[in-house]
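For reference, the structure is listed below as structure tokens.
The values are calculated or read from the model by the stated rules, or taken from the named source; none is laboratory data. If you're wondering where the values come from, they're calculated on a predicted model, not measured in any experiment. Every residue, glycine as well, gets a Cβ built from its backbone with ideal geometry; the counts of neighbours run over all protein chains shown.
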Amino acid sequence: MTPSKLLLGGAAALTLVACSATVRVEPPTPTGRVAEDCVKLESALPRTVDGLIRAESEPHSPYVAVWGAGEITVRCGVDRPAKMAPTDNVTDVNGVGWYADPQKPALFTTVNREAYVEVTIAPTHQVGAVLVELADPIKATIP
């Protein structure tokens, strides 16, 4: 079997291996309180998002969650988006502020929270629906 590469919005390189439900996602390395909050988020995330069942990621990390074949990924404890300016627009979805990276249309990052949570959404899914489903667990675990 040969792995095929799939790049979602430039956020994270994912490797899909034929006949396997494991998705390769580079995990962030948060520390301290951020790491603790991210572990809580991982436990609170839903089993399904926008009709996709949660899948295993490689390497296993409490800071990463994926659904489907990597169509939706969450990475908790990432760095602040480098290109985000104080005057950039932020969209509120059910009480969670999201920065949409203009260079990477599939990439959304939470703002105004103790941890940055990065979500990558394949174009085959409705961004609003996905962010609504993720809002409650984020609000409950990331102050």
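Would you call Ala140 free of Cβ contacts under 8 Å to residues at least 12 places away in the same chain, surrounded by fewer than 18 Cβ atoms within 10 Å (Cβ to Cβ) and small (Gly, Ala, Ser)?
So Ala140 does not fit the description; no.
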Looking at this structure, is Val127 farther than 20 Å from Gly32 by Cβ and crowded, with 16+ Cβ neighbours inside 10 Å? yes
Restricting attention to the stretch 40-60, the residues that are touching a residue at least 24 places away in the same chain (Cβ under 8 Å) and among the β-branched types (Val, Ile, Thr) number exactly 1
Considering the stretch 69-80 alone, what residues qualify as being in contact with a His (Cβ under 9 Å, 6 or more places away or on another chain) and in a strand (DSSP E or B)? Ile72
Give me a count of the residues in the stretch 82-117 that are farther than 19 Å from Leu41 by Cα and either out of contact with any strand residue (DSSP E or B) (no Cβ under 8 Å at 6 or more places or on another chain) or not in a strand (DSSP E or B) (or both). 15
Could you tell me how many of the residues in the stretch 43-71 are acidic (Asp, Glu) and either out of contact with any strand residue (DSSP E or B) (no Cβ under 7 Å at 6 or more places or on another chain) or under 13 Å from Val119 (Cα atoms) (or both)? 1
Looking at the structure I just gave you, is Asp88 touching a Gly at 6+ places or on another chain (Cβ under 9 Å) and over 25 Å from Arg33 (Cα atoms)? no
Any hit, the stretch 76-95, residues being surrounded by fewer than 14 Cβ atoms within 10 Å (Cβ to Cβ), β-branched (Val, Ile, Thr), at pLDDT 95 or above and more than 20 Å from Thr29 (Cα to Cα): no
Of the residues in the stretch 91-124, how many are farther than 23 Å from Glu36 by Cα and in contact with a Gly (Cβ under 6 Å, 6 or more places away or on another chain)? 3
Restricting to the stretch 18-68, and then to whatever is assigned to a helix (DSSP H, G or I) and touching an Asp or Glu at 6+ places or on another chain (Cβ under 9 Å), can you tell me which residue is surrounded by the most Cβ atoms within 10 Å (Cβ to Cβ)? Asp37
In the stretch 68-124, which residue that is hydrophobic (A, V, I, L, M, F, W, C) and without any contact (Cβ under 8 Å) to a residue 12 or more places away in the chain is nearest to Lys139 (Cα to Cα)? Ala100
